[in-house]
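J.: For reference, the structure I am asking about is given below.
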Amino acid sequence: MKQIIFSIVFSIAAATVSPLSIQAQRPSERERVTWMKEIQQYKNDFLIKKLALNDEQKTSFLPLYNSMEDEVRKVQEEAGQLYQQTMRKGDKATDLEYEKAAEAAYELKGRENEIEMKYFKDFKSILTPQQLFKLKDAERDFTRQLMRQHRRQQKR
């Protein structure tokens, strides 16, 4: 599920900007962008295979799908920034700041859903009903595979 993938990516990104992180361990913006592009390409290849996309579908679907993911990532980053700002303030944060950060966190899934439903209409014109049905499973499988690889690297 795309939401799970973005939640994981969001969690990883949030961990890199965590107050507990050491500055030297933070990736540069260029490294982060490169990493995100690599993940995006890896995911695109995964979806092509899992959904058995033909050339015409690849050409139409992938740019649209990546655009959707960019929009979702943007709302996740906005919510994450508000959360981080509030965390950094600690006891100095006001009740209103805590409330706004909490509200952004609770609204996040709804905002992600609005974006997905906006793109769903376009996906229906590109993918077969079966491919459309399998998309969520493919996203979930991608997340699982990504997490397995991450765990393997952690053990090394």
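FYI, it's all coordinate maths here, none of it is from the lab. The shown structure was predicted, so the numbers you read here are calculated from the model rather than taken from an experiment. When we count neighbours, we look across all protein chains shown, and the Cβ atoms used for this are built from the backbone with ideal geometry, even at glycine.
J.: Quick one: 3J(HN,Hα) in Hz for the stretch 149-156, Karplus 6.51/-1.76/1.60 with θ = phi - 60°, rounded, Gly and Pro as x.
T.: After applying 6.51 cos²θ - 1.76 cosθ + 1.60, I find 5, 4, 5, 4, 5, 5, 6, 6 Hz.
J.: Shifting gears a bit: I need the calculated FRET efficiency for the pair His150 and Glu78, taking r as the beta carbon distance and R₀ as 30 Å, to the nearest 0.05.
T.: After rounding, the FRET efficiency stands at 0.75.
J.: Determine the alpha carbon to alpha carbon distance for each of Lys109/Lys155; Lys50/Lys100; Lys37/Lys124; Lys37/Lys118; Lys37/Lys89 and list only those over 29 Å.
T.: Flagged as over cut-off: Lys109/Lys155; Lys50/Lys100; Lys37/Lys89.
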